[in-house]
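J.: Below are the structure tokens for one structure; questions will follow.
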Amino acid sequence: MTAPLTPHDEPPSLPPYPGADGDPGAPGNERMSVREETVRGLLVALLVAVTGVALGLVWLWLSPRIPMVSDGQAVYLKDTEGEEAVGGDGTFILIAAALGVLSAAVVFLRYRKGGIGPVLGLAVGGALASVIGWRLGLALGPTTDIVAHAKAVGPKVVFDGPLELRAKSALVAFPAAAMLAHLALTSVFGPRDADQDRDRDPREPAPKE
């Protein structure tokens, strides 16, 4: 007859096997986390890209017009010293930067705890919004066929030249402003270490100092 086990003789508890319920390091949980981040990133990219429509419309509305005139043989700028062409680039940059900051604020408020998915979605969506706004402004603005337009209006008649984005580097204004604004918001208003420790699963090992 064997003696009953004392508390000191009880077999040690074993860690849960990989994939068991409640195991934070389980492969299934990791796959779910990656899938969730991917869905968030795609959603953010899509919604931010849609703001390119607003960028194109506002750029078309606020961008200064470039007056041109024809003498019947060639087309010239009415004011050779005018800054309307440069003003178009500056207007695009200012509008894109403002929309980038606004988009970053919305993404931060929606996903305040961070995550690589929303951040990448913000960058990709900002780049797409810039391209969409640029192409939409060109499509809705004055015709790019200057010669045909000059013949249609006649010589010595002033007409508006096409809307142009001379410095293509202006296309990075939206994503750059969005990323900088999101970084600033995260640094100032993001969750602190104490908040992360409070939200951490007690079964997870504490980070090493």
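The values are calculated or read from the model by the stated rules, or taken from the named source; none is laboratory data. Just so it is clear, the structure is predicted and the values come from calculations on it, not from any experiment. Methodologically, a virtual Cβ is constructed for each residue, glycine included, from the backbone with ideal geometry; neighbour enumeration extends over all protein chains shown. Side chains included, ligands, DNA and RNA excluded: accessible areas come from the protein's heavy atoms. Shrake-Rupley method; radii C 1.70, N 1.55, O 1.52, S 1.80 Å.
J.: Using alpha carbon coordinates only, what is the Rg to Rh ratio of segment 42-192, with Rh defined as the Kirkwood radius?
T.: Ratio of gyration radius to Kirkwood radius: 1.14.
J.: Could I ask something else about it? For segment 27-171, which whole percent of the accessible surface, found with a 1.4 angstrom probe, sits on carbon and sulfur atoms?
T.: With neighbouring chains kept in place, the figure for segment 27-171 is 66 percent.
J.: Let me ask another. List the trypsin sites (Lys or Arg not before Pro) in segment 94-131 that DSSP assigns to loop (not H, G, I, E or B) and whose Cβ has at most 16 other Cβ atoms within 10 Å. Which are they?
T.: Arg112, Lys113
J.: Over all alpha-carbon pairs of segment 62-149, lay out the pair-distance distribution in 10 Å bins, whole %, shortest bin first.
T.: Calculated P(r), rounded to whole percents: 14, 33, 25, 16, 9, 3, 0.
J.: Residue farthest toward the positive end of the dipole of segment 72-178, with Cβ of Lys/Arg at +1 and Asp/Glu at -1: which of Val157, Phe108, Thr143?
T.: Going by the charge dipole, the pick is Phe108.
J.: Given a 1.4 Å probe, how much area per residue of segment 50-194 is accessible, in Å²?
T.: Result: 55 Å² of accessible area for each residue.
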